[in-house]
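A short worksheet on the structure shown next.
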Amino acid sequence: MNHGRIQGVLSPVVTPFRSDLSPDAERFVRHCRWLLSQNVGLAAFGTNSEANSLSADERIELLDHLVAAGLDTSRMMPGTGCCALPETVRLTAHAMKVGCAGVLMLPPFYYKGVSDDGLFRSFAEVIERVGDRRLRVYLYHIPPVAQVPITLGLIERLLKAYPDNVAGIKDSSGDWGNTKAVLDAFAASGFDVFPGSETFLLAGMRGGGVGCTSATANVNPGPIARLYDTWQNENADYQQSQLDEIRAIFASFPMIPALKAAIAHYGGDGGWSTVRPPLVELSREQAGSLITQLDTKRFNMPGLGAR
């Protein structure tokens with residue numbers, strides 16, 4: 001039922017900034033091209049992209065740069081969910097205009113304790129206003145950050161009302177029990193489930209998932225994509241354990257600055273370290289510790305500086 005949809009490993013692409021904190025489109029395109037060369041798709045404008053520190057205009061401009069550079073839009077699932085309904089509609093419609101495979105949609109997250117009725121109305125309004133039968137919405141469940149969960153009941157209602165548009169979910173709850181519940185309830189009917197970390201990639205594939213969307217796919221794309229491709233092989237559990245070791249190193253630091261510090265180091269481009277406030281870069285000591293720990297695992301990012 002999900003033939004032709006985007007699947008596999010996706011990266012919430014980190015957004016590079018110049019020294020004046022403006023988005024650096026050239027670096028952005030270069031990093032996206034490298035990720036695609038590693039068989040990883042582009043979930044730009046996600047949490048680890050600092051998306052909610054970007055304006056709608058900045059997101060549109062960056063996406064347009066990817067399109068102009070000739071990157072494959074069938075491998076793109078940009079984040080479009082905002083607190084303001086018109087911005088979500090605008091970003092979603094633009095993603096469809098340029099041919100993206102789908103959109104990753106946060107619920108409106110400023111107001112807490114909202115009902116499933118309210119969230120259903122919000123998603124439904126976006127789908128109706130965009131009015132594009134090609135639209136594929138991937139719900140973004142990230143309660144540790146958004147604090148607005150997407151429940152099983154809400155998924156069921158959306159699938160009943162918009163079976164052709166509501167295509168799947170990224171579950172970044174960090175709770176395997178929740179991911180498994182979504183898989184058990186909806187995967188068999190063609191609802192695509194992406195765990196929000198490679199930590200659950202193997203378990204997710206064994207449970208009927210279609211890949212994962214992971215922060216560390218920005219820096220460790222090849223090995224994560226390899227597990228997706230070979231998850232039925234005898235050494236899959238060993239591959240998963242190796243991925244978990246690298247993930248744990250990055251998770252011991254503030255994630256977004258750590259990802260950027262690694263790209264800056266292994267790509268030989270110090271400008272990549274910059275983050276937008278309110279985030280701050282890793283300290284010199286933190287960055288040194290990160291690289292030392294990664295080097296002990298013989299970590300590398302082959303081909304990063306060549307594109």
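The values are calculated or read from the model by the stated rules, or taken from the named source; none is laboratory data. Just so we're clear, the structure is a prediction, and the values are computed from it rather than from any experiment. So basically every Cβ, Gly included, is an ideal-geometry build from the backbone, and we count neighbours across all protein chains shown. Side chains are part of the model used for accessible areas, which takes the heavy atoms of the whole protein and leaves out ligands, DNA and RNA. Shrake-Rupley method; radii C 1.70, N 1.55, O 1.52, S 1.80 Å.
Quick notes
- Looking across Leu63, Leu71, one residue alone is under 20 Å from Gly303 (Cα atoms) and without any contact (Cβ under 8 Å) to a residue 60 or more places away in the chain. It is Leu71.
- Residues within region 24-40 that are under 14 Å from Ala215 (Cβ atoms) and either among the small types (Gly, Ala, Ser) or in contact with a strand residue (DSSP E or B) (Cβ under 6 Å, 6 or more places away or on another chain) (or both), tallied: 2
- All of Val98, Val130, Val89, Val103 fail the test of being buried (at least 20 other Cβ atoms within 10 Å of the Cβ), in contact with a helix residue (DSSP H, G or I) (Cβ under 7 Å, 6 or more places away or on another chain) and farther than 21 Å from Val193 by Cα, apart from Val130.
- Residues (closer than 21 Å to Val40 by Cα and not in a loop (DSSP other than H, G, I, E, B)) located in region 61-78: Leu62, Leu63, Asp64, His65, Leu66, Val67, Ala68, Thr73, Ser74, Arg75, Met76
- Within region 173-184, residues that are more than 17 Å from Leu106 (Cβ to Cβ) and in contact (Cβ under 8 Å) with a residue 12 or more places away in the chain reach partners that are β-branched (Val, Ile, Thr) and part of a helix (DSSP H, G or I) with beta carbons closer than 9 Å, at six or more positions or on different chains, in the pairs Trp176/Thr199.
- Note on region 200-209: residues that are under 14 Å from the mean Cα position of the chain (by Cα) and open to solvent by 10 Å² or more (accessible area, probe 1.4 Å) amount to 0.
- Of the residues making up region 1-44, those that are open to solvent by less than 10 Å² (accessible area, probe 1.4 Å) and part of a loop (DSSP other than H, G, I, E, B) are Ile6, Pro12, Val13, Val14, Thr15, Pro16, Val40, Ala43, Ala44.
- Applying the condition of being out of contact with any helix residue (DSSP H, G or I) (no Cβ under 9 Å at 6 or more places or on another chain) and touching a residue at least 12 places away in the same chain (Cβ under 8 Å) to region 223-248 and asking which residue is nearest to Arg75 (Cα to Cα) yields Asp229.
- Scope region 116-129; condition more than 22 Å from the chain's Cα centre (by Cα) and of a type outside the set (Gly, Ala, Ser); matching residues: Asp116, Asp117, Phe120, Arg121, Glu125, Glu128, Arg129
- Residues within region 49-63 that are over 15 Å from Val13 (Cβ atoms) and open to solvent by 40 Å² or more (accessible area, probe 1.4 Å), tallied: 2
- Among the numbered conditions (1) open to solvent by 10 Å² or more (accessible area, probe 1.4 Å); (2) farther than 21 Å from Gly8 by Cα; (3) part of a loop (DSSP other than H, G, I, E, B), the only one that Gly81 does not meet is (1).
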